[in-house]
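Q: The structure under discussion is supplied below as structure tokens; questions concerning it will follow.
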Amino acid sequence: MKPNFIFIHSTGGYPEECWYPWLQTELKNLGCKVTIPTFPTPDNQSLDFWMQVFGPYFEEINENTVLIGRSIGPPFILRVLEKLNKPIKAAFLVAGFCSNLGLPDFAPLIDSFTEEPFNWEKIKANCKEFHVYHADNDPIVPLAKGQELANNLDSEIIIIPGAGHFTMSSEYGERFPELLEKIKEMFRDI
């Protein structure tokens, strides 16, 4: 069975942001299903509203599902994993975090995603593989926050030099070849 991918965009983001269209095309060319929901942001951005949007996608989740998120995407993916009753294949968490960033301007948009403690045991039980990517120069989410996320997941952190927040202001704005190669390695038969 081919893997199915669900991408989670960032605060202020949308399905066509940064490297998502490129990765979507690459995965579709391999015969994979790719879904990129549109979440309310910045207006009405909260964990509750995002879960309402994501509700129908829970039916698509199975043992071959891969969740991919950037920035606010990783904490949202963690919340999705807390709700599952079966494990997915993998989660790719890019420029992510799992605790307060200390950014007062962003607090109203992101606090609802991280203010309650995460159920790390359930999260880890519901995902077979975690891949945490972070830059050494992220201007929004410090590397220490990415390391905290990886530590809580008992995962390695893959540090990409100079990738910033993996947006258009870096060479990772349009393409993310390391992520695609890891996916191909995971699914050798696609």
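Any read-out appearing in this document is the output of simple, stated calculations on the displayed coordinates, not a laboratory observation. These figures come from a predicted structure and were not determined experimentally. All Cβ positions, even for glycine, are placed from backbone atoms using ideal geometry, and neighbour counts span all protein chains on display.
Q: Based on alpha-carbon centroids, what's the gap between the stretch 87-105 and the stretch 40-75 in Å, whole number please?
A: Using only Cα atoms to place each centre, the spacing works out to 12 Å.
Q: Continuing with the same structure: Find out how many positive minus negative residues lie around residue 13, taking Lys and Arg as positive, Asp and Glu as negative, among other residues whose Cβ is under 14 Å from that of residue 13. Intermediate results must be reported in sequence, preceding the final value.
A: On the way: positive: 70; negative: 16, 17, 43.
Net of charged neighbours comes to -2.
Q: Would you mind ranking 79, 188, 175 by Cβ crowding within 10 Å, fewest neighbours first? Walk me through the numbers before you get to the answer.
A: Details: 79 20, 188 6, 175 14.
With the fewest neighbours first, 79, 188, 175 line up as 188, 175, 79.
Q: Follow-up question, since we're still on this one. How many percent of Cα pairs in the chain exceed 21 Å? The partial results should precede the final answer.
A: Numbers: 8172 of 17955 pairs.
Distances greater than 21 Å cover 46 percent of the Cα pairs.
Q: Where Lys and Arg each count +1 and Asp and Glu each count -1, what net charge lies around residue 177 among other residues with Cβ under 15 Å from its Cβ? Walk me through the numbers on the way to the answer.
A: Values: positive: 175, 182, 184; negative: 26, 171, 174, 178, 181, 185.
With Lys, Arg at +1 and Asp, Glu at -1, the neighbours total -3.
Q: Per the Kirkwood definition applied to all pairs of different Cα atoms, how many angstroms is the hydrodynamic radius of the stretch 24-87?
A: 12.9
Q: Ok, one more. Give the shape of the stretch 82-138 as rounded, prolate or oblate, defined through the alpha-carbon gyration tensor: a ≥ b ≥ c are the square roots of its eigenvalues, a/c under 1.5 means rounded, and otherwise the shape is prolate if a/b is larger than b/c and oblate if not. All intermediate terms of the calculation are to be shown ahead of the outcome.
A: Values: a/c = 3.03, a/b = 1.44, b/c = 2.10.
Since a/c reaches 1.5 but b/c is at least a/b, the shape of the stretch 82-138 is classed as oblate.
Q: Here's something else I'd like to know. For residue 160, what is the net charge nearby, where nearby means another residue's Cβ is under 9 Å from its Cβ and Lys, Arg count +1, Asp, Glu -1? Each step should come with its number before you reach the end.
A: Details: positive: none; negative: 136, 178.
Residues near residue 160 contribute -2 overall.
Q: What do you get for GluC sites (Glu not before Pro) in the stretch 4-80 restricted to DSSP loop and a cutoff of at most 11 other Cβ within 10 Å of the site's Cβ?
A: Details: sites: 16, 17, 26, 59, 60, 63; in loops: 16, 17, 63.
Within the stretch 4-80, the qualifying GluC sites (Glu not before Pro) (loop, at most 11 other Cβ atoms within 10 Å) are 16, 63.
Q: If each residue's Cβ is checked for other Cβ atoms within 10 Å, how do 134, 9 rank with the fewest at the top?
A: 9, 134
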